[in-house]
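Chemist: Below: one structure in structure tokens.
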Amino acid sequence: MQPRSSQDVCGTGAWPPVVRFAPSPNGYLHLGHAYSALRNYEFARRHGGRFLLRIEDIDIGRARPEFEAAIFDDLAWLGIEWDGPVRRQSDYFSDYAIALEKLAARGLIYPCVCTRAEIQIAVRGHSQWQRDPDGSPHYPGTCRGAVHAGLAYTMADRPVSQRIDMSYAISLLQGPLGWCEFGEGNESRFVSAEPSSWGDAVVGRKDVPGSYHIAVVIDDALQGVTDVIRGMDLFEATSLHRLLQELLDLPAPNYRHHKLIEDEAGRKLSKSIGSMSLRELRSQGVTPEQIRARLGLIETVSPAGLV
Ligand code: GLU
């Protein structure tokens with residue numbers, strides 16, 4: 001790992017940029033996705049770069065081919081064309097498994113059989129128990145202790161995930177860890193990463209050899225992504241991504257976290273609150289220009305009626 005300082009991390013940005021839009025095909029795209037896709041696309045086109053499309057179907061239980069087909073269709077409707085072939089994460093599990101093996105060989109991850117319910121029970125009664133940025137309690141270390149003590153921890157008939165040994169991983173860092181953040185503008189600032197806020201996070205799921213966190217850093221590196229343009233909801237996860245990049249000796253892209261699109265009640269749009277999908281808006285006669293206007297990307301068309 002190379003030592004880094006705030007001076008050598010932040011510059012003026014890479015040229016030509018390579019960006020990606022990386023939706024998960026577990027529902028239909030809504031306005032928040034449209035904003036992210038359009039920001040990526042317009043950034044690439046403005047700077048003579050490449051815009052890649054990645055299908056993040058690592059959650060195989062929730063991914064559906066019809067949602068993937070709808071992503072292609074919605075992007076085409078918005079006037080967005082991607083460069084090169086689509087990368088589908090489920091085609092690359094072996095890449096993620098190799099990364100996990102590298103971490104395992106250095107004692108940076110450990111197998112864990114605990115269920116969410118068991119973790120909840122373990123931390124119950126500890127009102128001050130630390131939680132990660134998504135609100136989940138930090139893993140109490142049950143399996144880490146067993147593995148490090150060399151106990152014959154019985155995992156035979158239980159699904160096993162892989163967790164990062166966060167304290168050990170942080171102890172290996174040789175300099176300040178952070179990233180270059182541009183937000184929605186052209187000025188960059190160095191943001192210090194705080195991976196410890198995630199505790200011993202899962203980096204290998206029980207059902208597949210990988211996780212969102214491992215897959216995203218491997219894919220960004222293998223696809224040569226220079227600028228990660230994504231919503232502020234993933235800002236905190238960037239701390240963990242930067243740690244994994246350092247541990248796996250992967251390059252650090254620039255990050256450009258953008259605002260989240262809210263509905264009229266000020267709620268972040270999401271499938272779970274039933275936000276209207278792009279295809280529903282389209283079926284009501286809304287045009288791509290009106291979508292752009294609602295998102296503040298052009299100002300000439302009335303966005304009336306769009307939420
Ligand atoms: N697949 C994630 C999502 O749909 C995006 C991940 C990323 O951009 O890093 O929210």
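Chemist: Give me the accessible area per residue for the chain, probe 1.4 Å, as a whole number in Å².
Modeler: Averaged over the residues of the chain, the accessible area is 48 Å².
Chemist: Treating the beta-carbon of each Lys and Arg as +1 and of each Asp and Glu as -1, no other charges, what is the dipole magnitude of region 136-289 about its Cα centre, to the nearest 20 debye?
Modeler: Here region 136-289 has a charge dipole of around 420 debye.
Chemist: Sticking with this structure for a sec: Under 25 Å between alpha carbons, and skipping anything fewer than 8 positions from LYS268 in its own chain: which lysines qualify?
Modeler: List returned: LYS259.
Chemist: Run the accessible area of the chain with a 1.4 Å probe and give the carbon-and-sulfur part as a rounded percent.
Modeler: Details: 7350 of 14590 Å².
Carbon with sulfur: 50 percent of the solvent-accessible area.
Chemist: I need the semi-axes of the equivalent ellipsoid of the chain: take the C-alpha gyration tensor, multiply each eigenvalue by 5, square-root it, list largest first in whole angstrom.
Modeler: Working: eigenvalues 243, 106, 68 Å².
In descending order the semi-axes read 35, 23, 18 Å.
Chemist: I would also like to ask the following. Compute the long axis of helix 237-247 from its Cα atoms, compare it with the longest principal axis of the Cα atoms of the chain, and write down the angle in degrees, 0 to 90, nearest 10.
Modeler: 60
Chemist: Something else: Under the rule that a partner needs its Cβ under 4.7 Å from the first Cβ, which Cys of the chain have none?
Modeler: So, CYS114.
Chemist: How far is it, in nm, from the label point at THR142 to the one at ARG267 when both lie 7 Å from their Cα along the line to the Cβ?
Modeler: Those two pseudo-labels are separated by 3.3 nm.
Chemist: While we're on this one: Per DSSP H run of n ≥ 4, the term is -39500 (n - 2.57); total these for the chain, divide by its residue number, and report the mean residue ellipticity at 222 nm rounded to 500 deg cm²/dmol.
Modeler: -9500 deg cm²/dmol
Chemist: Right, something else. Can you tell me, using C-alpha contacts under 8 Å and at least 6 residues apart, the relative contact order of the chain as a whole percent?
Modeler: Details: 488 pairs, mean separation 72.1, N = 307.
23 percent.
Chemist: Can you give me the angle between helix 65-78 and the longest principal axis of the chain, using Cα atoms only, in degrees from 0 to 90, rounded to the nearest 10?
Modeler: 40
The values are calculated or read from the model by the stated rules, or taken from the named source; none is laboratory data. Model, not experiment: these values are computed from the prediction. Cβ sites come from the backbone with ideal geometry, for glycine too, and all protein chains shown count toward neighbours. Heavy atoms of the whole protein, side chains included, go into the accessibility calculation; ligands, DNA and RNA do not. Shrake-Rupley method; radii C 1.70, N 1.55, O 1.52, S 1.80 Å.
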